[in-house]
Amino acid sequence: MKIIFLNRFFYPDHSATSQLLTDLACYLAGQGMEIHVVTSRQRYDDAAAQLPASDLVQGVHVHRVWTSRFGRDWLPGRAVDYLSYYLSVAWCLLRLLEKNNVVVAKTDPPLISIVAAVVSKLRGARQVNWIQDLFPEVAMALNVRGMDGWFGGFLKKWRNSSLRFAKANVVLGERMGECLRSEGVRDNIVVIPNWADGDAIRPLAHEENALRKAWGLTDRFVVCYSGNMGRVHEFGTILDAAELLKNEQGPVFLFIGGGPRRGQVAEEVTARGLSNVMFQSYQARERLRESLGVADVHVVSLLPSMEGLIVPSKFYGIAAAGRPTLFIGDVNGEVPAVLGAEHCGVALQIGNSAGLRDAIKTLIDDEAGRIAMGERARCVFERQFDKPVALIKWRDLLEKVMNEGR
């Protein structure tokens, strides 16, 4: 029996969805399952890349289908890239799928679950959806043109139909599950959070961290934002806190990564003359232990309108690195629930820059308390968010779905 995963990106691409899928697919292949991945020939950050049409990666059969190559920067071109992937995936699935095979559809591109449902019905296959975010709700919350009227409702209707058809819909948290239940998708929701690799990312003492020395941070207290800087994140509160602290010795605000809002944040830093803010580019996955360990405390932000639609997966790597988290957004959200229950961080509302400043100063002054927070973060990570924990849950779920099909 075959399991076929659908996602636009796969190894050697290093985007977040690609890394998660690569972890799971290779693990399942190592468990003796026949695993296929239908993906594109592009990389997330390089639409012009021409990866081979077929490949074998650690026992995983990789089928890279043709798509257009407009990339992410031009919205109409991105839509054409999505459409071409839908069509190529449908054709590939028609050739690969057999009765009672399992199709696992991720959410890049959005609504690929609809294509998977149509072909699965034709072939008598069984479908599982791996939901990283809820579309079109995210687009509607961001006021994307055309999504707030009948068209957004039309897309949601067909999306929900494909989710109800599935044997299981895997969501990243309880809030996301609640959103789907409110849409009438009730009986087939399974919560399996994303993960980080607890063997690769472990707590690292500052004196052992080469990046702190290379970046000139040896004797500084570092407040770090690491990862994508996108439209669903909020940065005004962080910059306001940096401005409140700019005349004090010690704290440095470090942004590691990129994304559509990095340029805007950098311009704001320059305009305000914030000499206590610095930027570094994305770091290779092999250096995540060092880059996450550079920080004394990490900041995670999410617009309150995105709660239940997205779960900030960067929290898992932070917890793996044994660092506390300062969350900015809905204080009753998914990540704040963990921070409060495990006492491994602080949640603040957007705009509470004075509260963020005070939380940072408390962590500077209370080194023992900060270290204890980080230790508790690592403990909850090992119980709930480490890679082996999630992979076993996925294996058990897929074995259940396959056995139902026999």
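Here are some notes:
- Condition check for Arg357: over 21 Å from the mean Cα position of the chain (by Cα), part of a helix (DSSP H, G or I) and among the basic types (Lys, Arg): yes
- Of Val185, Val190, all but one fail to be in contact with a helix residue (DSSP H, G or I) (Cβ under 9 Å, 6 or more places away or on another chain), at pLDDT below 95 and not assigned by TED's automatic domain parsing to the domain that holds Ala319; the exception is Val185.
- Every residue from region 349-371 that is farther than 13 Å from Val223 by Cβ and either outside the structural domain of Cys224 (by TED's automatic domain parsing) or in contact (Cβ under 8 Å) with a residue 40 or more places away in the chain (or both): Ile350, Gly351, Asn352, Ala354
- Residue identified as under 30 Å from Glu367 (Cα atoms) and either surrounded by fewer than 16 Cβ atoms within 10 Å (Cβ to Cβ) or basic (Lys, Arg) (or both) among Ala241, Ala271, Ala200: Ala200
- Asn228 modelled with pLDDT under 95 and assigned by TED's automatic domain parsing to the domain that holds Ile318: yes
- Pairing each residue of region 310-331 that is under 16 Å from Leu288 (Cα atoms) with any residue that is among the aromatic types (Phe, Trp, Tyr), provided the two are 6+ apart or on different chains, yields C-beta distances under 7 Å for Tyr316/Trp195; Tyr316/Phe381; Tyr316/Phe385; Ala319/Phe381; Ala319/Phe385; Ala320/Phe381.
- Counted residues, region 56-82 - those being assigned to a strand (DSSP E or B), surrounded by 16 or more Cβ atoms within 10 Å (Cβ to Cβ) and more than 23 Å from the chain's Cα centre (by Cα): 3
- Within region 281-304, tally of residues that are among the polar types (S, T, N, Q) and under 17 Å from the mean Cα position of the chain (by Cα): 2
- Residues located in region 239-281, provided they are over 22 Å from Gly351 (Cβ atoms) and of a type in the set (Phe, Trp, Tyr): Phe279
- Residues in region 274-301 that are in a loop (DSSP other than H, G, I, E, B) and closer than 18 Å to Arg357 by Cα: Leu274, Ser275, Asn276, Ala295, Asp296.
- Given (1) outside any helix (DSSP H, G or I); (2) of a type outside the set (S, T, N, Q); (3) closer than 27 Å to Phe315 by Cα, index of the condition Met176 fails: (1)
The values are calculated or read from the model by the stated rules, or taken from the named source; none is laboratory data. Everything numeric in this text was worked out from a predicted model, so none of it was measured. Cβ coordinates were reconstructed from backbone atoms using ideal geometry, including for glycine residues, and neighbour counts include every protein chain displayed.
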